[in-house]
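Q: Take a look at this one; I'll ask things after.
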Amino acid sequence: MNQDIFKLIHETPLIDHHCHFLINDASKNREMRLADVSTEADSSYPLSDTKERTAWWAFKSESKKFLKTDNIESLSTSQYVKFNHALFKNYNFKLLMIDTGFVPDNAIESEEKTEELTGVKVKKIFRIETCAEKCMLQNENFFDWWENLKQDIIHAKANGFVGFKSIAAYRTGLCIKNPSVAEAESAFYDWKKSGVSRLTDAVLINFILWNIASTIIEQNMPLQFHVGYGDADADLYKANPLLMREFLRAWCYQGLSVVLLHCYPYHKEAGYLASVYPNVYFDTSLVNALAPTSTKEVLNEALHLAPYSRYLFASDASTYPEMYGVAAATFESALASHLKGLDFVPYSQKEKWINEVCYLNSMNLYNLKK
């Protein structure tokens with residue numbers, strides 16, 4: 001029956017609970033931009049070195065698989081749509097949950113247009129820091145800013161969002177504390193005086209996260225956190241989810257669902273947290289696409305301790321369909337290899353875990369209709 005495992009996984013619906021905007025087919029320099037998204041390095045990093053990574057060659061292979069050519073430039077609109085439909089259908093994608101906080105050049109921000117391009121349904125994830133920055137530009141007074149931010153969060157579900165996301169790991173780190181109102185008010189006015197719209201103050205970020213948790217619980221929506229590997233400006237040391245212990249203890253026992261995203265190289269730590277705290281979920285996205293030779297090892301290590309009911313598929317893909325395809329392909333292979341090695345687990349249980357990891361966990365966590 002082990003021979004059937006890969007086939008079963010390949011035919012199981014995929015919900016991608018963490019990804020980003022695709023871009024339109026009119027974009028120039030497609031090969032260069034495809035290479036750019038095959039790495040988390042910034043623009044100063046040599047492109048020649050980027051193309052010496054396995055991710056770039058995996059992306060090229062994915063292009064050729066569906067385009068049947070090495071020439072990926074100058075696709076017509078119809079060719080681009082056909083390419084997207086073929087790729088997303090091949091991997092059985094059924095839903096994309098797009099983090100609206102990152103907007104690449106030429107992004108397709110319309111849910112309807114993304115659905116037309118891919119043939120896949122789309123839902124939105126609410127980026128907290130982006131909203132806080134927008135509200136700061138619109139309000140001079142701390143209490144007005146805070147009230148407007150809370151109202152946006154309160155109405156997120158009514159506005160079509162299915163979850164929230166914080167990038168605290170990028171800005172200040174994951175050691176989330178509980179500042180006082182007075183501390184937050186002082187930090188807000190310092191932020192206003194700085195003339196910088198980007199929110200990087202630890203007091204304010206911590207204040208927001210600690211004080212919106214109960215509102216998110218009331219909406220029965222999960223809160224995602226960037227964890228671990230990411231852009232070069234992230235302090236990887238401060239992106240360790242073990243730093244979140246105080247926040248998790250304060251809120252997960254009250255019903256807050258926390259989702260730890262991508263997690264490498266802290267995937268074992270994330271798996272541990274999911275094994276000891278209620279309402280903690282995680283994925284190992286991003287390495288699926290950007291470190292394809294690591295996917296089997298990372299998935300195995302992530303599931304050393306964690307329940308399969310707390311582990312989700314995601315790609316963290318953006319910009320081009322190739323990234324989604326490589327993420328799905330490497331994940332399918334890794335999950336099949338992992339389950340084939342579990343000789344002590346009956347096939348029926350493996351089937352259950354495949355359904356949970358690929359789509360059921362996301363459906364339940366994000367309260368999606370079956």
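Q: Would you mention how many residues in the stretch 17-60 are among the hydrophobic types (A, V, I, L, M, F, W, C), open to solvent by 70 Å² or more (accessible area, probe 1.4 Å) and in a loop (DSSP other than H, G, I, E, B)?
A: 1
Q: Please work out which residue is nearest to Lys193 (Cα to Cα), limiting yourself to the stretch 138-163 and to residues that are in contact (Cβ under 8 Å) with a residue 60 or more places away in the chain, out of contact with any helix residue (DSSP H, G or I) (no Cβ under 6 Å at 6 or more places or on another chain) and not aliphatic (A, V, I, L, M).
A: Here the residue is Lys150.
Q: Confirm whether Ile5 is part of a loop (DSSP other than H, G, I, E, B), among the hydrophobic types (A, V, I, L, M, F, W, C) and in contact (Cβ under 8 Å) with a residue 40 or more places away in the chain.
A: Numbers: part of a loop (DSSP other than H, G, I, E, B): no; among the hydrophobic types (A, V, I, L, M, F, W, C): yes; in contact (Cβ under 8 Å) with a residue 40 or more places away in the chain: yes.
Here the answer is no, as Ile5 does not meet what is asked.
Q: Would you confirm whether any residue within the stretch 341-351 is over 29 Å from Lys60 (Cβ atoms), basic (Lys, Arg) and under 24 Å from the mean Cα position of the chain (by Cα)?
A: no
Q: Checking Ala317 against (1) crowded, with 18+ Cβ neighbours inside 10 Å; (2) over 19 Å from Phe225 (Cα atoms); (3) aliphatic (A, V, I, L, M), only one condition comes out false. Which one?
A: Of everything listed in (1) crowded, with 18+ Cβ neighbours inside 10 Å; (2) over 19 Å from Phe225 (Cα atoms); (3) aliphatic (A, V, I, L, M), Ala317 misses just condition (2).
Q: Scan the stretch 85-101 and tell me whether some residue there is outside any helix (DSSP H, G or I) and on the phi > 0 side of the Ramachandran plot.
A: Yes.
Q: Additional query: Consider the stretch 61-73. How many of its residues are open to solvent by less than 60 Å² (accessible area, probe 1.4 Å) and either under 16 Å from Met323 (Cα atoms) or not in a loop (DSSP other than H, G, I, E, B) (or both)?
A: Final tally of qualifying residues: 5.
Q: Here are some residues: Tyr272, Tyr308. Which one is of a type in the set (Phe, Trp, Tyr), surrounded by fewer than 22 Cβ atoms within 10 Å (Cβ to Cβ) and farther than 30 Å from Glu115 by Cβ?
A: Going through Tyr272, Tyr308 in turn, just one is of a type in the set (Phe, Trp, Tyr), surrounded by fewer than 22 Cβ atoms within 10 Å (Cβ to Cβ) and farther than 30 Å from Glu115 by Cβ: Tyr272.
Q: Scan the stretch 164-174 and tell me whether some residue there is of a type in the set (S, T, N, Q), crowded, with 18+ Cβ neighbours inside 10 Å and touching a Phe, Trp or Tyr at 6+ places or on another chain (Cβ under 6 Å).
A: Yes, the stretch 164-174 has at least one match.
The values are calculated or read from the model by the stated rules, or taken from the named source; none is laboratory data. The structure displayed is predicted, hence computed values, not measured ones. For neighbour counting, all protein chains shown are included, and Cβ atoms are generated from backbone atoms with ideal geometry for every residue, glycine included. Only protein heavy atoms, including side chains, enter the accessible area calculation; ligands, DNA and RNA are left aside. Shrake-Rupley method; radii C 1.70, N 1.55, O 1.52, S 1.80 Å.
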